[in-house]
Amino acid sequence: MKASIRHFYNPTPAKLRKLGDALLASATFVTSLAIVQNYKTVALVAVIVGAVGKFITNFFTEDK
């Protein structure tokens with residue numbers, strides 16, 4: 001597995017795609033609960049972690 005900015009549009013390995021999706025889903029869940037409970041800092045951190053985690057997984061591709 002290689003990570004590079006040039007691999008952003010190449011297919012992402014399934015394991016990393018699942019990891020990124022799980023991170024984004026859990027961040028969405030935590031954010032919604034934090035908004036309901038009025039924890040603005042927790043909501044902001046969860047949104048940032050989820051979005052950045054999903055974005056970073058796009059840099060990985062399989063070795064050729």
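The values are calculated or read from the model by the stated rules, or taken from the named source; none is laboratory data. Worth saying up front: this structure is predicted, and the values here are computed from it rather than measured. Cβ sites come from the backbone with ideal geometry, for glycine too, and all protein chains shown count toward neighbours. With ligands, DNA and RNA removed, areas are computed over all heavy atoms of the protein, side chains included. Shrake-Rupley method; radii C 1.70, N 1.55, O 1.52, S 1.80 Å.
Restricting attention to the range 10-24 and to residues that are without any contact (Cβ under 8 Å) to a residue 12 or more places away in the chain and of a type outside the set (Lys, Arg), the residue that is nearest to Phe60 (Cα to Cα) turns out to be Ala14. Candidates in the range 1-58 are the residues that are basic (Lys, Arg) and in a helix (DSSP H, G or I); of these, the one that is least open to solvent (accessible area, probe 1.4 Å) is Lys54.
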